[in-house]
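Everything on this sheet refers to the single structure shown next.
All of the numbers you see were taken from the coordinates with simple rules; none came from a lab. Quick caveat, the model's predicted, so the values are computed rather than measured. Neighbour counts run over all protein chains shown; Cβ positions are idealised from the backbone, glycine included.
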Amino acid sequence: MTETRNTSRRPTPFWKKINLPQAFKQAPWRSQIQLVGLFLLGLVVVLLVAGIYLTISGQAAEAGLDTYNLAYERRSLERSIADYKAQLAQISSSAVMEERAKSMGFSEANPDNVIYVSVPGYTGRQTAILAPPPGITQTQGAVVKTEYRDSLWDWLFQGINRLSSSVRGNS
Amino acid sequence: MKSLKNLSRPQILGIVLTLFAGLIVFQMISIQSNAHAKNLNQWAQNYGYQVSTIQSERGYIYDRWGNLLAGNKEVYELGVELQYVANPATIATTLASIVGSDYATILAEASQPYVEGKSVYVTLADFVDSSKIAQIDKLKNDYNKSNLYGENSKLPSLLGLVWTAHLQRIYPENDLASNVIGFYSYLDRDKGRGYYGVEEKYNDLLAGTKEQVLIPLDPYDLQTIPTAPAGASLILTIDREIQRSTESILDKAVKSTGAVNGTIVVMNPRNGEILAMASTPRMNLNEYWNSSKIYTTGIPFNKAISQVYEPGSVFKILTMAAALDTNTVTPDTGFTDTGVITVGGWNIYNWDRGAWGPQTMVTCLQHSLNVCLSWVATQVGSTKFYEYLDRFGIGHRTNIDLAGEEVYPLSEPGDPMWYEVNLATNSFGQGVAVTPVQMLMAASAIANDGKMVAPHVLKAYIQDGKQYNTNTQIVGMPITATTAHTLTNMLYTSLQQESSDALVEGYSVAGKTGTAEIAVNGEYSSNLTNASFIGWGPTDNPQFMVYIWLEKPASSIWGSVVAAPVFSEEVKQLVVLMNIPPDSVRASLQGK
């Protein structure tokens, strides 16, 4: 038996050797498996989407409840702050302060025992400034980072924009 | 068609799964569309939102240095959720012992049967301090440990007792500056509002917003919880220390002179800022319900702005200002006082019914001679005289930013109630009525180079996190700067020559006393007077202007005896609190 080798021809790929119609005819369960596979793939996709949707919904609901709780806590804190301010005002009221001063041995000043000293640059006691004037605008930093506010599309488009602008910038 | 027997196992599995999926879809549609679902949707629409009243925190009130004069403290409303009440007797006992409520009332309230939708919650007490709530909370927890869920009705239980926090107006300084601040009727949680003072005048600004809103119960919508920004806060021109000192001086003066009431107002004549405004009687603003007992009929909340009276001789400074400004007289103009002058057919006499002989305009003011000032007014002429009074704002409101300002109309030539003699009586402050703050505004022109400033108590307000400062308002220039300086010097000289009790060692002050008889049943009574003093200083650079009014003093009827020393006492405190050195020290410091 003589074995000849044709080195000039390339080997035929294996899929070209398979006769698909014949294969499905010989094993009809293949098409059923294909159908079931497609169905299951669809089901997995649907379940995946549903799962993501449920997760996001759950997180949104949790965030909503957190918002509610935080709003409640904020109101509670505002009341506490107001209460502390009132308490502070009561323990530093003029009557209380006068009593404390007297108990510490201080007495009321009168014009005869006051010594005036000139302090260069001192313009006197300034009246209360409890908030900035209307001309000044305060720049507030974003409370929530953009990463947590952007959607997937925003992130994608921004990435593309950044990429394209950097390419334009380089060229 | 294939029979079931011919189906392969995967096919059967596929059919079963498909049927199962179909059932799920069917059930989903069924749940969404059946009658119960419709009811549920309706219920969700009705109860998906909670109606809630959001109310801004009432704004704070500060003095000029930022000391809190009116704020808010946390208190609690105590109530029972009838559905959960296990032992009403325990609730009644607890509230009676800790809060001080009536046992029988609480027991009856807490024993009410629960009726769904009708009788659910009952308020038992309100404005309960947090310290008492802490005691109740501890008790409730202790009872819960031994009688969880209140199952044993024989054991004590506070189940069903609940409390809700809210804010209550508080005035940390109690009665300090009560006449200026006014009060907020906090007991009325629905319709509470400010009464008197700045609480009433700036009620809308302080209150912020109050509205009913729908708060979604759906957690997906919760990010839209509405909020109410706090009401605006006010910074007053009042100086707490000066106010306290002024009230103390006033109380002592009223007591020592036997006056019925008194008023002292301190103003900066340069800008109209009221530094202190004290009046009697005052009240603890935290117990505002006593106001109707304290301020009975005829007693205004703030006499400095709400009670007009005949000021007497302090008014002479306006007459002299008009005469100097019209060049009718100069400080050296001579006048021979014969003790009587006839105007419009009526004889006018001096306060002592004496004749003071040759006088100058300075000595006329120094001796407070009615005859001389009547003559001056006649020389000015009624047209010019009333024109000047009008320029000084007499007969008009000052529009000070406090609720309840009163004004007495000025009778002028041509009015049915005006007679020629009015020109004379008005010249020395009789037959004309003003409030202390009106006199201060008029006299501010003399102390402030001829420029009359609007008196005000609001220095700034804070809204939406920004502080808006108020500006000085010049409301007129009734006299020239020259006239103002001349008159100030005349009043300074007259006090010096008189060796007045109003003088303060080391400080140059100008001023004028006033004693006005009070009309009783249409007749002036020489025993009942209003004693007044108006003064300012330092004369070269006025930084304060003080008005004193003592009503019906008993120790002496004369302003020079009872009111002038009060001015001196007030100024002695003012110069310390305002850091005003004596004239000599100031001159040497300025020289440096």
Practice task
Give, rounded to the nearest 20 debye, the magnitude of the charge dipole that the protein assembly as shown has about its Cα centre when Lys and Arg contribute +1 at Cβ and Asp and Glu contribute -1 at Cβ.
Solution key: 5480
Exercise for the section: Tell me what chain B gives for mean residue ellipticity at 222 nm when only DSSP H runs of n ≥ 4 count, each as -39,500 (n - 2.57), the sum divided by the residue total, rounded to 500 deg cm²/dmol. Expected result: -11000 deg cm²/dmol
Problem - Proximal aspartates and glutamates to B:Lys552, defined as alpha-carbon separation beneath 14 angstrom and excluding residues fewer than eight positions away on the same chain - result: B:Glu310, B:Glu517
Exercise for the section: Determine the shielding of peptide B:60-72 by partner chains: average, over its residues, the number of Cβ atoms on other chains within 10 angstrom of each Cβ. Expected result: 4
Problem - the range B:561-574 - phi-based ³J(HN,Hα) in whole Hz, Karplus 6.51/-1.76/1.60, Gly and Pro as x - result: 8, 9, 8, 4, x, 5, 4, 4, 4, 5, 5, 4, 6, 4
Practice task
Just report the Cα centroid separation between the range B:188-240 and the range B:484-511, whole Å.
Solution key: 49
Fill in the blank from the handout: Descending packing, highest mean Cβ count within 10 Å first, for B:540-547, B:237-244, B:103-110 is B:237-244, B:540-547, B:103-110
Handout entry: B:Leu13/A:Trp29 FRET efficiency (R0 22 Å; Cβ-Cβ; nearest 0.05)
Key = 0.95
Completion exercise
Length gained if B:Ser256 through B:Thr338 is fully extended, taking 0.36 nm per residue and subtracting the Cα-Cα distance, is 25.9 nm
Fill in the blank from the handout: Any trypsin sites (Lys or Arg not before Pro) in the range B:284-379 that lie in a DSSP loop and have at most 10 other Cβ atoms within 10 Å would be B:Arg353
Exercise for the section: Specify which residue in the list B:Leu589, B:Ala96, B:Ala70 is farthest towards the positive end of the charge dipole of chain B, using unit charges on the beta carbon of Lys, Arg (+1) and Asp, Glu (-1), about the Cα centre. Expected result: B:Ala96
Exercise for the section: Take every Cα-Cα pair in the protein assembly as shown and report what % of them are more than 52 Å apart. Expected result: 41
Practice task
Report the calculated FRET efficiency for A:Asp154 and A:Val46 (r = Cβ-Cβ distance, R0 = 30 Å), to the nearest 0.05.
Solution key: 0.70
Completion exercise
Where a ≥ b ≥ c are root eigenvalues of the Cα gyration tensor, a/c under 1.5 meaning rounded, otherwise prolate if a/b exceeds b/c and oblate otherwise, the range B:153-273 counts as oblate
Problem - Cα centroid of the range B:315-333 to Cα centroid of the range B:420-467, whole Å - result: 19
Practice task
Grab the beta carbon distance between A:Tyr122 and B:Thr472, set R0 = 25 Å, and tell me the FRET efficiency rounded to 0.05.
Solution key: 0.60
Exercise for the section: Please work out the Kirkwood hydrodynamic radius for the range B:1-146, using every pair of different C-alpha atoms, and report it in angstroms with one decimal place. Expected result: 22.0
Exercise for the section: Determine the alpha carbon to alpha carbon distance for each of B:Lys138/B:Lys466; A:Lys85/B:Lys138; B:Lys191/B:Lys303; B:Lys293/B:Lys466; B:Lys201/B:Lys252 and list only those over 32 Å. Expected result: B:Lys138/B:Lys466; B:Lys293/B:Lys466
Problem - the range B:83-107 versus the range B:365-380: alpha-carbon centroid distance in Å - result: 74
Exercise for the section: Starting from the range B:480-530, pick out the GluC sites (Glu not before Pro) whose DSSP state is loop and whose Cβ has at most 16 other Cβ atoms within 10 Å. Expected result: B:Glu505
Exercise for the section: Could you work out the mean count of beta carbons from other protein chains within 10 Å of each residue's beta carbon in A:120-133? Expected result: 5
Practice task
Calculate the mean, over all residues of peptide A:109-116, of how many other protein chain Cβ atoms lie within 10 angstrom of the residue's Cβ.
Solution key: 5
Handout entry: Under-5 Å amide H pairs with B:Tyr62, H placed in peptide plane, nonlocal only
Key = B:Leu69, B:Leu234, B:Ile235, B:Leu236
Exercise for the section: Would you calculate the separation in nanometres between label points at A:Ala95 and B:Glu81, each defined as 7 Å from the Cα along the Cα-to-beta-carbon direction? Expected result: 4.1
Practice task
Mind checking which lysines have their Cα closer than 25 Å to the Cα of B:Lys384? Skip sequence neighbours fewer than 8 apart in that chain.
Solution key: B:Lys316, B:Lys451, B:Lys512
Exercise for the section: Tell me which residues come under 5 Å, amide H to amide H, from B:Ser101 once H is placed; ignore anything under 5 positions away on its chain. Expected result: B:Ala96
Handout entry: Charge-dipole axis of the protein assembly as shown as Lys and Arg at +1 and Asp and Glu at -1 on Cβ define it, positive-most pick from A:Gly124, B:His367, B:Met490
Key = A:Gly124
